Amino acid sequence: MRDRIADSVAVEKPLASSARSTAMLMGITTASRLLGFVRQAAVNAVFGASGNADVLNAVFNIPNNLRKLLAEGALSAAFIPVLSRSSADPADRESGAPQAIVRSLLTFQLIVLVPVLVLSVVFAGHVTGFILDFPEIERTELAAELFRWFIHYTLLISVSAVLMGTLNSNGRFLVPAVTPILFSVCVIGSVLLLHRRLGLYAMAVGVLAGGVAQIVAQIPQFTRSGFDFRPSFDFRNEHFRTIMRRWLPVVAASSVFAINQQISLYFASGLEDGSSSALANAVIFWQLPQGIFGVSIMTVLFPRMSREAAVDDRPALKRTLGFGIRGIVALLVPSSILLGMLGQEIVAMAFQRGNFELADTIRTAEVLAAYCFGMAGVSAFSFLQRFYYSHGDYRTPTVAAVAVAAVDVGLSLWLKETSLRVTGLAVANSIAFTAGAVVLLLRSGSVVGGVEGRAIVTTLAKTAASAVPAVVVILLQRRLLGAWWQTGSSVAGFGMLTLIGVAALAGVAAGFVVFRVEIVSILLRSRTRGRGE
């Protein structure tokens, strides 16, 4: 009995540590995402949400998707497990293997990406003409010109991703989490200060300046951790070759999603004016809880799962997998409910000013509600992909990615021709990813000996019950106050939305405590023990 208690305490302490790290990242990411709202609000107020703004949003999404393909998502999935194992190996540390891995990877990125960027500038018109479907020749030409600027962000964010992965593998999360704030500050400053002189190109200047700032901010901690930027052409190194062998399948899976997202933008650009902007703006809001909760959980638990898989500790891997899925359910299900129900009010207060009108608010809120339907599914799918990557299975996530993309495109082709129009693209995305997450979760049981399904269902039930008071608050304010948000952004409106939001969140928080939702209980216990110590 004593041994079992000791084992239980030993398990909970690491989970409490991971929960605290996740909570820290959530706080920083909240500030970052809120500033992202300010960034997009500035862009919308200056450039509007249709016409040339459609071009701006659609073109910026091209390097943004390449970022996921070549940098943060795919690279981290292949890079972090290898670097984590090498950093934990005394012989590798003694020989300087972790430093050699990073130098080789940075050099390889330059060799590959610089020629790609040169070709992209030369053939910009062909690239944008193939990816986007603007009917007007003026917008097609504008898209090519903007693309020649935005595409260079791919190199900057790729280098930043290596620095970020290096620091995360060494247990350093704070500085990498802060860098998106610098990006937003650069874009906001450039748009507000330079738009009269440069027009749409002011955002391009801000994006490139933000990419540089993300690199510069991480350099001090990167070098203090024993790493440097000396070039290394040792591409035969076994660690580097392992990363490449793993990166290619991850790129294949990520490319499916990148292509899929570009197809959605292609479909949107062929619909009514404002459709591309509605899609892009809805994603801005959707990414707030997704980034605060889903990405934070994944960032902290992925290196942990990689270490557990490295020593074949399947019971620990099972606990971490279950903890991550339950955390995603507990935090993202109520987030999706609140964001979906308050979409019109939130979009109006954040964006409805200047050239962003009531019709733009309504269209964006409709797309946002459809995306919220699949918020937990998207996050769970991404987390489960990392679970498979952590123990070297790259085939399963790739097959799942292809299947999800096929379902998404098939549903999009149908739904965009219905009365849903651009909202149908978001509905298709939510259905496809949720189904994919369920399939991956069920398959993961064969790897770790079960998926703790009863615990996940229990967490879902507790979370749904916790959200009931918030739903009541939102429905009650609509009945009493009506469509107060239609007049657009104002100080009074912000105050009203803040009161409604605080009341709804308080209801959810109270439910979490009453029903003892796991991730909150662990944080409260660890905080209490910390005070006692």
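The values are calculated or read from the model by the stated rules, or taken from the named source; none is laboratory data. These numbers come from a predicted model, not from an experiment. Note that each Cβ is placed from the backbone with ideal geometry, even for glycine, and that neighbours are counted across all protein chains shown.
Return the residue satisfying two criteria in turn: it lies in region 377-399 and is part of a helix (DSSP H, G or I) and free of Cβ contacts under 8 Å to residues at least 60 places away in the same chain, and of such residues it is surrounded by the fewest Cβ atoms within 10 Å (Cβ to Cβ).
For region 377-399, the residue satisfying everything is 399.
Residues are listed down the side, and each one gets a yes or a no for (1) at pLDDT below 90; (2) under 29 Å from residue 81 (Cβ atoms):
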{"site": "285", "(1), (2)": "yes, no"}
{"site": "307", "(1), (2)": "yes, yes"}
{"site": "313", "(1), (2)": "yes, yes"}
{"site": "317", "(1), (2)": "yes, yes"}
{"site": "340", "(1), (2)": "no, no"}
{"site": "344", "(1), (2)": "no, no"}
{"site": "356", "(1), (2)": "yes, no"}
Checklist entry - Is it the case that region 162-172 has a residue that's crowded, with 20+ Cβ neighbours inside 10 Å, hydroxyl-bearing (Ser, Thr, Tyr) and at pLDDT 85 or above? => result yes
Checklist outcome for this item: Among helices (runs of 4 or more DSSP H) entirely inside region 256-353, those with 2 or more residues being surrounded by fewer than 21 Cβ atoms within 10 Å (Cβ to Cβ) and in contact (Cβ under 8 Å) with a residue 40 or more places away in the chain are 275-289, 296-310, 314-341
Checklist entry - In region 87-103, which residues are more than 16 Å from residue 235 (Cβ to Cβ) and in a helix (DSSP H, G or I)? => result 87, 88, 90, 91, 92, 93, 94, 95, 98
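Every residue, every condition in (1) modelled with pLDDT of 90 or more; (2) over 19 Å from residue 336 (Cβ atoms), yes or no:
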{"residue": "461", "(1), (2)": "yes, no"}
{"residue": "466", "(1), (2)": "yes, no"}
{"residue": "473", "(1), (2)": "yes, no"}
{"residue": "489", "(1), (2)": "no, yes"}
{"residue": "498", "(1), (2)": "yes, yes"}
{"residue": "520", "(1), (2)": "no, no"}
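Output the residue which, of all residues in region 214-229 that are among the polar types (S, T, N, Q) and outside any loop (DSSP other than H, G, I, E, B), is farthest from residue 99 (Cα to Cα).
Step by step, filter region 214-229, then rank; the result is 214.
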Checklist entry - Mind checking whether some residue in region 242-253 is in a helix (DSSP H, G or I), touching a residue at least 24 places away in the same chain (Cβ under 8 Å) and within 30 Å of residue 469 (Cβ to Cβ)? => result no
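Just a yes or no: is a residue in region 130-143 in a loop (DSSP other than H, G, I, E, B), charged (D, E, K, R) and without any contact (Cβ under 8 Å) to a residue 24 or more places away in the chain?
Step one: list which residues in region 130-143 are in a loop (DSSP other than H, G, I, E, B), which gives 132-136.
From the residues that got through so far, the ones that are charged (D, E, K, R) too are 133, 136.
Checking the rest, the ones that are also without any contact (Cβ under 8 Å) to a residue 24 or more places away in the chain come to 136.
Yes, region 130-143 contains at least one residue that is in a loop (DSSP other than H, G, I, E, B), charged (D, E, K, R) and without any contact (Cβ under 8 Å) to a residue 24 or more places away in the chain.
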Next on the checklist: Whether any residue in region 224-236 is at pLDDT below 85 and either in contact with a Pro (Cβ under 9 Å, 6 or more places away or on another chain) or of a type in the set (Lys, Arg) (or both) is what I want to check.
Outcome noted: yes
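Taking the condition assigned to a helix (DSSP H, G or I), on the phi < 0 side of the Ramachandran plot and buried (at least 23 other Cβ atoms within 10 Å of the Cβ), does residue 369 pass?
No.
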Checklist entry - Residues in region 434-458 that are assigned to a helix (DSSP H, G or I), touching a residue at least 40 places away in the same chain (Cβ under 8 Å), over 23 Å from the mean Cα position of the chain (by Cα) and over 11 Å from residue 322 (Cα atoms): how many? => result 2
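Yes or no: residue 446 surrounded by fewer than 18 Cβ atoms within 10 Å (Cβ to Cβ) and either within 22 Å of residue 287 (Cα to Cα) or not β-branched (Val, Ile, Thr) (or both)?
Details: surrounded by fewer than 18 Cβ atoms within 10 Å (Cβ to Cβ): yes; either within 22 Å of residue 287 (Cα to Cα) or not β-branched (Val, Ile, Thr) (or both): yes.
It is true that residue 446 is surrounded by fewer than 18 Cβ atoms within 10 Å (Cβ to Cβ) and either within 22 Å of residue 287 (Cα to Cα) or not β-branched (Val, Ile, Thr) (or both).
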Checklist outcome for this item: Given (1) at pLDDT 90 or above; (2) surrounded by fewer than 21 Cβ atoms within 10 Å (Cβ to Cβ); (3) closer than 18 Å to residue 156 by Cβ, residue 206 misses just (2)
